[in-house]
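Here's the structure, in structure tokens; my notes come after.
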Amino acid sequence: MSEGDPKNTHFGYKTVEADKKADLVADVFHSVAAKYDIMNDVMSFGIHRFWKRHTIETAAARPGMKVLDLAGGTGDLTAKFSHLVGDRGQVVLADINDSMLKVGRTKLRDKGIVNNVSYVQANAEALPFPDNHFDIITIAFGLRNVTDKDAALRSMQRVLKPGGKLLVLEFSTPKHEIMRKVYDMYSFKVLPKMGELITKDADSYEYLAESIRMHPDQETLKQMMVDAGFEQVDYTNMTDGVVALHKGYKF
């Protein structure tokens, strides 16, 4: 790891051994996978659909392209990309968590999305794909759960084609103090109660709130992408910076 003690990292607000974090995160998503889509709608009041739609529009996928939907979870972005790249294109839904992959695969197959989508269980820090392979990579609400974010960004840069783009959609830091206070109250008081009510799992949603606060802010993540080799890196704040969409190119 590139930050602090190389043997330790953050799991929410806790300090844990770096090689244990992936298993701890896996436990969270095994727990919430079945109700993941319902919770996304409830806890964001449906706004996550707008954030994802903006990501799809910014990606500007075209027929024939190869797209990697990394940490793709239950496949919301994959479903959209499948239609956009068409029969000549390919979309890979990759996630480190097999429970999430199974939910995503079932969901997309039930929608009849089968021909141009494949599923790969993969660690973002060491992607099992060839160099210069994808036209577009998206990672939506997944980077904050990665142990070594710098390694993951370098891995994404490696498998992206020259001229390709990376889009990182992630919770970030609200711009205004009033929004930060409201957001903190909602995250730490309301969100765990929603988790308990809907998934019978308050702890996983406490981790969610904490992991967001430990994630790099907008400018820090922008510099991390530059350091990983991306160019023309910029970001767009949505909902006052509660969420940010970072974009970078490989040239």
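Observations on the model:
- Percent of Cα pairs exceeding the 17 Å cut-off, where the set is the range 164-251: 54
- Residue pairs exceeding 32 angstrom between C-alpha atoms, taken from Lys111/Lys247; Lys66/Lys200; Lys193/Lys250: Lys66/Lys200; Lys193/Lys250.
- Coupling constants for the range 84-94 follow from the phi torsions by the Karplus curve (6.51 cos²θ - 1.76 cosθ + 1.60, θ = phi - 60°), and in residue order they are 6, 8, x, 5, 7, x, 8, 10, 10, 8, 10 Hz; glycine and proline get x.
- Take 142-149, 211-218, 181-188 and order them by the average number of nearby Cβ atoms within 10 Å per residue, most first; the result is 142-149, 211-218, 181-188.
- Within the shell defined by Cβ-Cβ distances under 14 Å, the residues around Val182 carry a net charge of +1, with Lys and Arg each +1 and Asp and Glu each -1.
- Karplus-based coupling profile of the range 208-221, in residue order and whole Hz: 4, 4, 5, 5, 5, 5, 8, 6, x, 6, 4, 5, 5, 5, with θ = phi - 60° in 6.51 cos²θ - 1.76 cosθ + 1.60 and x standing for Gly or Pro.
- Distant-in-sequence amide H partners of Val243 (H built 1.01 Å from N, under 5 Å): Ser172, Met238
- The stretch between Ile178 and Gln223, if pulled fully straight at 0.36 nm per residue, gains 13.5 nm over its current Cα-Cα span.
- Contact order for the range 70-132, expressed relative to its length and based on alpha carbon pairs under 8 Å spaced 6+ residues apart, stands at 39 percent.
- The translational diffusion coefficient of the range 86-159, from Stokes-Einstein at 10 °C and 1.306 mPa s with a Kirkwood hydrodynamic radius over alpha carbon pairs, comes to 120 µm²/s.
- When the inverse distances between all different Cα atoms of the range 114-226 are averaged and flipped, the Kirkwood radius reads 16.1 angstrom.
- Total formal charge among the other residues, if their Cβ is under 14 angstrom from that of Ala122, Lys/Arg +1 and Asp/Glu -1: -3
- Using a simple spin-label model with pseudo-atoms 7 Å out from Cα toward Cβ, Gln121 and Ile47 lie 3.5 nm apart.
- Taking the centroid of alpha carbons for each part, the range 111-147 and the range 83-103 are 7 Å apart.
- Cut-off under 5 Å, modelled amide H: who pairs with Val120 long-range: Leu93, Ala94, Asp95
- Net charge of the neighbourhood of Ile136, taken over other residues with C-beta under 10 Å away and scored Lys/Arg +1, Asp/Glu -1, is +2.
- If you look at the Cα atoms of the range 45-169, you get an Rg and a Dmax of 13.2, 39 Å.
- Rounded FRET efficiency, nearest 0.05, which uses the C-beta distance separating Lys102 from Phe251 and R0 of 45 Å: 0.75
Computed from the coordinates by the stated procedures, all read-outs in this text should not be read as laboratory data. Treat the numbers as computed from the prediction; the structure is a model and nothing was measured. Positions of Cβ are generated from backbone atoms using ideal geometry, with glycine treated the same way; all protein chains shown enter the neighbour counts.
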